[in-house]
1. Per residue, how many Å² of accessible area does region 22-112 show with a 1.4 Å probe?
2. Would you kindly state how much longer the chain becomes between residue 21 and residue 92 on full extension, computed as 0.36 nm times their sequence separation minus their alpha carbon distance, in nm to one decimal?
3. Please state the charge dipole magnitude for region 22-112, taken about the Cα centre, from unit charges on C-beta atoms (+1 on K and R, -1 on D and E), reported in debye and rounded to the nearest 20.
4. Taking Cα pairs under 8 Å and at least six residues apart, what relative contact order does region 22-112 come out at, in percent?
5. Counting only protein heavy atoms, what percent of the accessible surface of region 22-112 is carbon or sulfur at a 1.4 Å probe?
6. Specify the inter-centroid distance of region 60-114 and region 43-57, based on alpha-carbon positions, in whole Å.
7. What is the P(r) of region 22-112, as percent of Cα-Cα pairs per 5 Å bin from 0?
Amino acid sequence: MVRAFSLLFLLGVMVGCKSIAPPTPLADLNAQQMHGHAVYQAHCAQCHYDRKDAALHGPALIGMFKKPYLSSGAPANDERVTATIVHGRNLMPAQGSTLDPQDLDDLLAYLHSL
Ligand code: HEC
């Protein structure tokens, strides 16, 4: 009974996720997105999952630009996400001084592939 229930739940989750396209496979990233992925690994991966829908220290970033809102309820757009990265947010440290504009651009391109 419990098992049938979890199976149903899992099915619901899978069906629910189907409405959002999966991230672009790493092997299919273009050069800019690949550099953005390296920036992500160096600056974001310790606190956020990018390809798994689970929270780490911060919310999962999978599909972040495919949904209308970020976990805070702020609109999921480049301006808002850039501001979060540059200035930080609550427990998320500001990264404005460690990322140059090119890194930031490439990181955004990678985040859009999720
Ligand atoms: C030290 C851990 C840490 C690092 C490193 C970190 N974050 Fe976060 N991030 C968080 C936490 C915690 C939150 C939740 C903040 C809140 O809303 O209270 C968050 C929130 C966010 C949000 C959601 C903002 C919103 O309005 O809901 C985005 C997008 C985000 N981070 C992207 C990134 C990116 C991109 C990087 C890499 C440049 C990064 N984070 C690096 C901890 C981190």
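The values are calculated or read from the model by the stated rules, or taken from the named source; none is laboratory data. Since this is a predicted model, take the numbers as computed values, not measurements. Note that we place each Cβ from the backbone using ideal geometry, even for glycine, and neighbour counts take in every protein chain shown. Each accessible area value is taken on the protein alone, full model and side chains, heavy atoms only, with ligands, DNA and RNA left out. Shrake-Rupley method; radii C 1.70, N 1.55, O 1.52, S 1.80 Å.
1. Details: 5330 Å² over 91 residues.
Heavy-atom accessible area per residue stands at 59 Å².
2. Values: separation 71, 0.36 × 71 = 25.56 nm, distance 2.70 nm.
Contour length minus the Cα-Cα distance gives 22.9 nm.
3. Dipole magnitude for region 22-112 comes out near 380 debye.
4. 33 percent
5. On the way: 3040 of 5330 Å².
For region 22-112, the apolar C and S fraction of the accessible surface comes to 57 percent.
6. 13 Å
7. Pairs per bin, as whole percents: 3, 14, 25, 30, 20, 7, 1.
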